[in-house]
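Comments concern the structure below.
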Amino acid sequence: MLRFLVIGGGPAGVTAATHAASLGADVTLVESSVVGGAAHLWDCIPSKALVASALRLDSLRSAARLGIEGVGMPAVDMNRLSTRADAICDRLAAGTIDLLDSQGVRIVTGRGRLTGPTSAVAATETGEIALPFDVAVLSTGSRPWEPEWAVVDHERVLTTRDAYHLPVVPEHLIVIGSGVTGVEFVHIFAAIGSKVTLLVSRQQVLPHRDPEVAAVLEEDFLERGVALLKGGRANSATREGDGVVVTAEDGRRVTGSHVLLAVGSRPNSEGLGLEAAGVSVADGHVIVDEIQRTSVPGIYAAGDLTGQMPLSSVAAMQGRKIARHAMGLAVKPLDYTKVAQAVFTEPEIASVGLEEADARAEGRKVRITKVPFAASPRALIQGNPHGFVKVISDPATHVVLGGTIVGHHASELIGTLALAAQGGIRVDVLVETLMVHPSLAESLSDAAD
């Protein structure tokens, strides 16, 4: 029986373990912190739990527009928000452990480390356990980056993982980083009552997305009273008494009650024994090929550790493909150009496949069709007419190449375009698909026309 070792119990490791076990492997999974993955259960899921609360608050504030009076403004209890997020994560972790147990996966609580190309050990509370293997999967994830210019004290100068357990709503939160994570936290804390300042190192939020998308989000932020410091690249974040001071390279200075660092992550590659096993690394990330194989035969890597696309969905699919490949089954390389992704703000932003900005940068001829949600009966009924649906297709073959959705429930609606892009579906199929009326999904058919 194939000895299949997984070091790191995040989405990639768990999926690799369960699939390998179902295919007949003898699987051992080593995890030092939380089964289910720290980046997943201590970052992704808690942030979306807070987003859900922020959206509920937004709904209460806009109730008068739908003819509901006397709602008032409820108080925000940060302890209850934290407790709810923790409960969700605990339930997911318990479910993951049950799944692994049901597949016969041996779970070792400890820190795994390679000792050679076919051997490893797990450092546990009772000592080291030798773990020889035929196949190993490295999936130890990542952690929030703490830049040298920031003095993190986890009380006023915060990483993202500190933000879920604050005792009170910050009076004035300064967010450093205007990528996906940064803008999500801006939306959360602006919605729950904090004054928010966002340092935007370039000239738009979400610098790698279409300017049209960024403009919609910036308009929403400004309506919420968020201060945008464009061109403000931070070079210092320190605590002063009961507050914080943030300075930018251009000399601008901002004071607040808290500062949140949303400036990226670093791979958990230290102490993995990569050198001992001969695994090649670049900037802390394990180098892999299109099937997630490392430089050492029989050793694979997946998830944030590889520095590819840092999404739980991607990591899980990588783990699935690794298990099948290791067990001798044919697999196709993951097509990263067709991965659906979303930004959980209000309005939500979701995209898949080719985006307009990428097409322009490549000089590629594409057909772009767009419909605003302001023309959608369902969006008007719900009181959420902001945003649009944009479909990108090949002008010659009419095949859907990708699309972008900005608006309410965009993260759910993008699934239809993801299926179309993955399956090579023509736009006329979308046009002729009869959606429920009235529904937001109708805008997908309209945008494809």
Of the DSSP H helices in the chain, those whose Cα atoms cover at least 27 Å axially and whose Kyte score averages -1.0 or more: 78-102
Residues whose placed amide H lies under 5 Å from that of ALA340, excluding near-sequence neighbours: none
Cβ-defined net charge surrounding ASN384, 12 Å radius [Lys, Arg +1; Asp, Glu -1]: -2
All-pairs alpha carbon distance profile, the stretch 179-335, 10 Å steps from 0, percent: 9, 28, 24, 21, 15, 3, 0
Karplus-derived 3J(HN,Hα), 6.51/-1.76/1.60, for each residue of the stretch 198-205, Hz, glycine and proline x: 10, 7, 10, 5, 10, 9, 7, 5
Under-24-angstrom lysine pairs by C-alpha in the chain, whenever the two are 8 or more apart or on separate chains: 10
Rg followed by Dmax, in Å, when the stretch 340-448 is reduced to its Cα trace: 13.0, 39
Loop GluC sites (Glu not before Pro), the stretch 95-166 (other Cβ atoms within 10 Å of the site Cβ: 15 or fewer; DSSP): GLU125, GLU148, GLU155
Coil-residue trypsin sites (Lys or Arg not before Pro) of the stretch 306-393, DSSP, other Cβ within 10 Å capped at 13: ARG364, LYS365
The chain: relative contact order in percent, alpha carbon pairs under 8 Å with at least 6 residues between: 15 percent
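Taking only DSSP H segments of four or more residues, each worth -39500 (n - 2.57), what value at 222 nm results for the chain once the sum is divided by all its residues, to the nearest 500 deg cm²/dmol? Please list the in-between numbers first.
Values: 12 runs with 139 residues, N = 449.
Using -39500 (n - 2.57) per qualifying helix, the result is -9500 deg cm²/dmol.
For the stretch 158-220, what class follows from the C-alpha gyration tensor (a ≥ b ≥ c being the square roots of its eigenvalues): rounded when a/c is under 1.5, otherwise prolate if a/b is larger than b/c, else oblate?
Details: a/c = 2.39, a/b = 1.87, b/c = 1.28.
Prolate, since a/c reaches 1.5 and a/b exceeds b/c.
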Amide H contacts under 5 Å for LYS230, placed H, 5+ residues apart: VAL200
Gyration tensor (alpha-carbon) shape descriptor, the stretch 157-263, a/c threshold 1.5: oblate
Charge context of PRO46, other residues only, Cβ under 9 angstrom, K/R +1, D/E -1: 0
Diffusion coefficient, µm² s⁻¹, Stokes-Einstein with Kirkwood Rh over alpha-carbon pairs of the chain at 20 °C and 1.002 mPa s: 91 µm²/s
Rounded Å value of the spacing that divides the Cα centres of the stretch 127-202 and the stretch 2-81: 15 Å
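Kirkwood Rh, Cα Rg: Rg to Rh for the stretch 29-75?
Details: Rg = 17.4 Å, Rh = 13.2 Å.
My calculation puts Rg/Rh at 1.32.
A short reminder: the numbers here are calculations on the coordinates, not readings from a lab. On a predicted model such as this, the values are computed, not experimentally measured, just so you know. Positions of Cβ are generated from backbone atoms using ideal geometry, with glycine treated the same way; all protein chains shown enter the neighbour counts.
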